[in-house]
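The values are calculated or read from the model by the stated rules, or taken from the named source; none is laboratory data. Source: prediction; values computed, not measured. Every residue, glycine as well, gets a Cβ built from its backbone with ideal geometry; the counts of neighbours run over all protein chains shown. Side chains are part of the model used for accessible areas, which takes the heavy atoms of the whole protein and leaves out ligands, DNA and RNA. Shrake-Rupley method; radii C 1.70, N 1.55, O 1.52, S 1.80 Å.
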Amino acid sequence: MIDKVWGVDRLPLPFATPDGRRIGEIWFDPPPELARLLVKYLFTSEKLSVQVHPSAADGQQGKEECWLVLSAEPGAQLAIGFVQPITPDEMRAAALDGSIEGLLDWQDVSAGDFIYLPAGTVHAIGAGLTLIEVQQNADITYRLFDYGRPRDLHLDQAIAVANGNPHDPALRQRVSQTQSASLVDGPHFRLDWIVGKPEADIAARYNDAPVIVIPLTGTIEIDGEQVAPGSCASAAGLSKVRFASEGKALVAQPL
């Protein structure tokens with residue numbers, strides 16, 4: 001568990017909040033064979049900074065990520081890209097005077113919303129949200145604006161890698177409570193929403209190679225070990241996982 005200024009002092013079930021702490025993130029460190037992926041839970045009571053991550057094309061370790069909204073208070077929002085195209089000079093000026101917040105595309109969200117963010121997407125997470133984030137395992141974040149908090153900004157680095165355009169709506173979807181779905185199929189990782197047991201076409205895509213499994217409802221079993229919601233586990237292959245017949249889970253695999 002990681003304390004954050006924007007975290008919460010009471011975590012939702014099934015998590016327990018340590019006394020006197022303000023938890024913003026829970027990380028699940030992957031085993032070596034899955035080390036290119038990182039899974040996090042995020043819990044927000046305030047807005048996170050306006051930020052961006054680089055790609056491998058920028059000569060750095062790239063960080064593409066995606067969010068699944070697990071719960072959202074009324075009015076909760078995510079900022080994803082810009083409403084209108086913006087130039088680097090305009091982006092710098094807006095970051096310096098704080099108007100960048102109003103140039104972002106703030107989307108109302110609710111439980112079940114899924115968003116994929118290519119590297120270079122300028123974004124911010126609003127208050128009142130519980131998310132699962134699946135990402136390339138890189139901790140490179142450049143802040144453009146932080147609401148006056150006493151943390152460093154990285155304007156030169158951020159503007160050098162930022163995409164000043166709107167986010168592609170095709171990279172957003174809502175998950176069904178009754179049907180499995182492919183959420184991400186490359187280029188850096190694969191992610192599927194599983195309702196009940198994986199269908200044959202989903203299982204075939206994973207080729208029985210190592211996977212990360214995140215149960216959301218219903219307990220799964222891997223090699224005789226029970227894995228309950230609120231946990232994250234790895235398996236040598238999808239065939240090694242026994243899914244709850246009426247449960248819901250995420251399955252991820254690096255590519």
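Tabulated data for the structure shown
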| quantity | calculated |
| --- | --- |
| Some residue of segment 237-254 being within 16 Å of THR178 (Cα to Cα) and of a type in the set (Phe, Trp, Tyr) | yes |
| Looking only at segment 204-215, and only at residues there that are surrounded by 18 or more Cβ atoms within 10 Å (Cβ to Cβ) and out of contact with any Cys (no Cβ under 8 Å at 6 or more places or on another chain), the one that is farthest from TYR41 (Cα to Cα) | TYR206 |
| Evaluation of SER231 against (1) open to solvent by 50 Å² or more (accessible area, probe 1.4 Å); (2) within 26 Å of LEU42 (Cβ to Cβ); (3) among the hydroxyl-bearing types (Ser, Thr, Tyr) (one fails), failing number | (1) |
| Meets criteria (more than 15 Å from the chain's Cα centre (by Cα), closer than 28 Å to ARG190 by Cα and either part of a loop (DSSP other than H, G, I, E, B) or in contact (Cβ under 8 Å) with a residue 12 or more places away in the chain (or both)) for TRP106 | yes |
| Qualifying residue in segment 156-172 (condition: open to solvent by 10 Å² or more (accessible area, probe 1.4 Å) and over 30 Å from THR87 (Cα atoms)) | no |
| Subset of segment 133-152 that is under 23 Å from PHE114 (Cβ atoms) and among the charged types (D, E, K, R) - its residue that is surrounded by the fewest Cβ atoms within 10 Å (Cβ to Cβ) | ASP139 |
| Complete set of residues in segment 143-191 that are over 30 Å from CYS232 (Cβ atoms), assigned to a loop (DSSP other than H, G, I, E, B) and not polar (S, T, N, Q) | TYR147, GLY148, PRO150, ASP152, LEU153, ALA162, GLY164 |
| Segment 24-46, subset crowded, with 21+ Cβ neighbours inside 10 Å and of a type outside the set (S, T, N, Q), residue farthest from the chain's Cα centre (by Cα) | LEU34 |
| Single match in LEU255, LEU250 (criterion: within 18 Å of GLN136 (Cα to Cα), surrounded by fewer than 16 Cβ atoms within 10 Å (Cβ to Cβ) and in contact (Cβ under 8 Å) with a residue 12 or more places away in the chain) | LEU255 |
| Residue, farthest from PHE15 (Cα to Cα), within segment 61-89, restricted to residues that are surrounded by fewer than 17 Cβ atoms within 10 Å (Cβ to Cβ) and of a type in the set (Asp, Glu) | ASP89 |
